[in-house]
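Engineer: Got a structure here, written out as structure tokens. Questions coming.
Each value in this text was obtained by applying a stated rule to the coordinates, not by laboratory testing. As the structure is a prediction and not an experimental result, all values here were calculated from the model. Every residue, glycine as well, gets a Cβ built from its backbone with ideal geometry; the counts of neighbours run over all protein chains shown.
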Amino acid sequence: MKNLITDVAGVLVGCAQDEKLASGVTAVVFEAPAVASIAIHGGAPAVRDASLLEPGFTVETVDALVLSGGSVFGLDAMGGVIASLGAKGRGFAVGDVKVPIVPGAALFDLLNGGDKDFPDAVYWRLGRAAAQAAGEAFALGTAGAGYGATTANLKGGLGSASAMTAGGFTVGAIVAVNAVGSATIADGPHFWAAPHERGAEFGGLGCPAVWPQFDFQIKSVEPCNTTIAVVATDAALTKAQAKRLAVMAHDGMGRALRPTHAAMDGDTVFSAATARAERKPSLADQAEIGTLAADCLARAIARGVYEADALPLRGAQPAWRDAFG
């Protein structure tokens, strides 16, 4: 186990970023079409092809899912991933035509100091590059869709984590942490996700000896946030079951960020099931998969902040390691 979403069989991840732009793209590519769904709990999302992921809509599987910076401009990234997969003959068959199915979401990183005089098709190119880079290993922190991400007090970033259920199903999460709130407690180094940490994946600090009174802080009252994630499992799920997985996984945001799911957030979780496991999950298995997906998402959020490096730009937010070493 690499403690990455790519521990789920059939899942590959690629990242691409532009330092001048201070933004990037992460592509989650499935080796074979995967059943997928979505749950949007934030009030200000930026998504593409989200409706087709709802139960009852025609297309059952996707070829990839995309997390991007750039707000609405970043929704072009899905086109680049589509182009890359189309060149490989991937896609939903309609007669003699193959149509790659690539939904995605974008976070708002337009105020982080990067040069936002967007070159033509920059996110399309980043999307294609991310898809072409897809593999089992990928960087965390200031990488991909997390490159330009921020939180209320510290640099955000790209995080990932994985786990295995008692019944042998693998679960993983990947997240771009661009939260309106904070992943850390008050002005200290401890993470809200500390009770769920495995080993020392985000410093091994545990919980504070004395819990401080909660000091409410947010990045902005404007809709310039959004934490976007993908959770995946090797279990075989229906689209309705995948929807429930996405809903349950949102609990991980509540465990790792305060506040979350606000009106100025666009918090979105995609779910995917690769069906590589040897047996079908029972209802109890599905409940455990959903619970661990939330745990993995909480851990991934903390890892994304813990692993981040500050952007080399004037006025850039400090990274966790800058503040706490």
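Engineer: If you add up the charges near A39, with Lys and Arg at +1 and Asp and Glu at -1, over every other residue whose beta carbon is less than 13 angstrom from its beta carbon, what do you get? All intermediate terms of the calculation are to be shown ahead of the outcome.
Structural biologist: Numbers: positive: K239, K243, R244; negative: E54, D251, D267.
Overall, the nearby charge balance is 0.
Engineer: Which helices count as membrane-span-like in the chain under these terms: full DSSP H, at least 27 Å along the axis by C-alpha, Kyte-Doolittle mean of 0.0 or more? Kindly include the intermediate steps, with their values, before the conclusion.
Structural biologist: Details: long enough: 283-306 (34 Å, 0.58).
Qualifying helices: 283-306.
Engineer: Separate question: Treating only the Cβ of Lys, Arg, Asp and Glu as charged (+1, +1, -1, -1), what charge dipole size does the chain show about its Cα centre? Round to the nearest 20 debye. Please report the intermediate quantities before stating the final value.
Structural biologist: On the way: 24 positive and 31 negative charges, 56 e Å.
Using only the charged Cβ atoms, the result is roughly 260 debye.
Engineer: Sequence gap at least 6, Cα distance under 8 Å: using those rules, report the relative contact order of region 5-324 to the nearest whole percent.
Structural biologist: After rounding, I find 25 percent.
Engineer: Okay, next question. Would you work out if the chain is rounded, prolate or oblate? Take a ≥ b ≥ c from the square roots of the eigenvalues of the alpha-carbon gyration tensor; rounded if a/c is under 1.5, else prolate when a/b is larger than b/c, oblate otherwise. If you can, show how the numbers build up before the last one.
Structural biologist: Working: a/c = 1.76, a/b = 1.19, b/c = 1.48.
Oblate shape, in that a/c is at least 1.5 and b/c is the bigger or equal ratio.
Engineer: Then there's this: Tell me whether region 246-320 comes out rounded, prolate or oblate; compute the Cα gyration tensor, take square roots of the eigenvalues as a ≥ b ≥ c, and use a/c under 1.5 as the rounded threshold.
Structural biologist: Details: a/c = 2.93, a/b = 2.10, b/c = 1.40.
Because a/c hits 1.5 or more and a/b exceeds b/c, region 246-320 counts as prolate.
Engineer: I've got another one for you. Would you mind telling me which residue in A145, A27, A83 has the biggest mean-square fluctuation in a Gaussian network model of the chain, where springs connect alpha carbons within a distance under 10 angstrom?
Structural biologist: Looking only at A145, A27, A83, the biggest GNM fluctuation is shown by A83.
Engineer: For region 217-286, what is the relative contact order in percent, using Cα pairs closer than 8 Å and at least 6 residues apart in sequence? Write down the numbers at each step before the final one.
Structural biologist: On the way: 86 pairs, mean separation 36.5, N = 70.
Value for region 217-286: 52 percent.
Engineer: List the residues, sorted by chain then number, that are 5 or more residues from T150 or on another chain and whose placed amide H is less than 5 Å from its amide H.
Structural biologist: Those lying under 5 Å, H to H, from T150 are G156, A179.
Engineer: Suppose only helical runs count, i.e. DSSP H with n ≥ 4. What mean residue ellipticity at 222 nm does that imply for the chain under -39500 (n - 2.57) per run, divided by all residues and rounded to the nearest 500 deg cm²/dmol?
Structural biologist: Working: 6 runs with 67 residues, N = 325.
Rounded to the nearest 500, it is -6500 deg cm²/dmol.
Engineer: For each of T184, T165, count neighbouring Cβ atoms within 10 Å of the residue's Cβ, then give the residues from fewest to most. Numbers along the way, then the final one.
Structural biologist: Details: T184 27, T165 20.
Least to most surrounded, the residues fall as T165, T184.
Engineer: Next question. Which order do the peptides 93-103, 206-216, 154-164, 16-26 take when ranked by the mean count of other beta-carbon atoms within 10 Å per residue, highest first? It would help to have the intermediate numbers written out before the result.
Structural biologist: Numbers: 93-103: 14.5, 206-216: 9.4, 154-164: 27.6, 16-26: 25.3.
Result, highest mean Cβ count within 10 Å first: 154-164, 16-26, 93-103, 206-216.
Engineer: Taking H placed 1.01 Å from N in the peptide plane, check which residues at least 5 places from K116 or on another chain put their amide H under 5 Å from its amide H.
Structural biologist: Residues meeting the criterion, in which the H sits 1.01 Å from N, do not exist here.
Engineer: Assign one of three labels to region 45-192, namely rounded, prolate or oblate, based on the Cα gyration tensor with a ≥ b ≥ c the square roots of its eigenvalues; rounded applies when a/c is under 1.5, prolate when it is not and a/b is larger than b/c, and oblate otherwise. If you can, show how the numbers build up before the last one.
Structural biologist: Details: a/c = 2.02, a/b = 1.34, b/c = 1.52.
Cα axes put region 45-192 in the oblate bin.
Engineer: With both partners inside the chain, how many of the DSSP beta bridges are antiparallel, as a percent to the nearest 5?
Structural biologist: Numbers: 45 of 54 bridges.
Here the share of antiparallel DSSP bridges comes out near 85 percent.
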